[in-house]
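Okay, so here's the structure we're looking at.
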Amino acid sequence: MGRNLQNGGRLRPVDLARGHGLSTQAIRNYEAAGILPAAGRTAHGYRTYTSLHADALRAFLALVPGHGHRTATAIMRAVNQGALDEAFRLLDESHAQLLDDRRTLQAVERALSDLKPVTASEPGAGPEPARASAPGDTFIGTLARRLGIRPATLRAWERAGLVRPRRDPRTGYRVYDEAAVRDARLAHQLRRGGYLLEQIAPLIARVRAAGGPEPLEAALRDWHGRLSARGRAMLTGAAELEAYLRRREGGAAGGVADEDGWAQYSVNAADSADPAGN
């Protein structure tokens with residue numbers, strides 16, 4: 001990280017930006033979003049940062065791959081506001097989501113391993129005669145809540161051919177039997193893996209026809225790799241966040257620090273960008 005030595009070790013936006021391939025506007029945006037603590041100002045109104053701000057930036061950028069931009073932003077904002085319990089809650093929720101994704105993937109693999117070859121007389125091979133609901137059948141609202149999606153999403157998946165609910169002859173409601181629930185779980189897992197509806201539909205059609213997991217093996221291996229990479233990224237993010245927390249608690253901000261460890265500089269001019277990267 002480059003330092004502007006003529007400013008006594010204080011950093012300009014460009015000093016923070018260049019080490020991470022960012023623009024100076026991105027640094028300003030991060031400050032405005034609360035990802036970075038408020039910058040100090042020179043007597044001429046130019047932003048000045050410290051090594052503590054550099055630590056905050058490293059922590060945020062390390063959190064993004066594992067937690068996503070929105071959650072990483074919320075975590076850093078909470079930390080900078082001193083709301084550590086909220087920051088830890090957000091971290092816990094993100095880890096819980098990763099665990100849920102792993103469990104869902106395992107459930108999908110178990111469902112695939114139980115698939116049997118379908119024939120023209122078996123469910124899923126073609127339109128099924130209307131019949132009343134049976135034990136184990138699920139309605140759209142219940143299935144949507146179980147998957148953590150909206151009913152409108154399930155209807156979109158139906159239009160795309162991903163799921164095939166039947167209609168209750170008495171009420172007209174959509175009814176999802178075990179096969180339809182399985183297909184919905186497959187679609188949900190693949191959507192989490194970044195696959196598009198047009199990519200998922202032929203995979204599910206091939207699974208129905210082939211009666212086995214072979215068409216999805218490559219996709220599931222890829223998603224396993226993504227989950228592992230996400231877990232590793234969470235470890236990296238946690239290490240950088242811990243370093244930032246320790247630095248904050250130590251109050252080592254550089255310059256003249258207040259009780260929170262932030263360098264204080266006078267604010268005598270309106271915010272403006274300048275050619276020197278301030």
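The values are calculated or read from the model by the stated rules, or taken from the named source; none is laboratory data. As the structure is a computational prediction, the values presented were derived from the model and not from experiment. Using ideal geometry, Cβ is built from the backbone for each residue, glycine included, and neighbour counts are taken over all protein chains shown. Ligands, DNA and RNA are excluded from the accessible area calculation, which covers all protein heavy atoms including side chains. Shrake-Rupley method; radii C 1.70, N 1.55, O 1.52, S 1.80 Å.
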Exercise. On full extension of the chain, what length is gained from Ala33 through Asp100, given 0.36 nm per residue of separation minus the C-alpha to C-alpha distance?
Worked result: 21.2 nm
Problem set entry | Karplus-derived 3J(HN,Hα), 6.51/-1.76/1.60, for each residue of the stretch 140-146, Hz, glycine and proline x | 4, x, 5, 5, 4, 5, 5
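How high is the relative contact order of the stretch 137-190, given as a whole-number percent (alpha carbon pairs under 8 Å, six or more residues apart)?
Values: 51 pairs, mean separation 21.3, N = 54.
Relative contact order for the stretch 137-190 comes out at 39 percent.
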For this session: Roll a 1.4 Å probe over the protein chains and send me the accessible area per residue for the stretch 1-103 in Å².
Result: 46 Å²
Problem set entry | Net +/- balance of residues flanking Tyr195 in space, Cβ distance below 12 Å, scoring K and R +1, D and E -1 | +1
Exercise. Taking amide hydrogens as modeled 1.01 Å from N in the peptide plane, which residues meet the under 5 Å criterion relative to Arg12, leaving out close sequence neighbours?
Worked result: Asn4, Tyr49
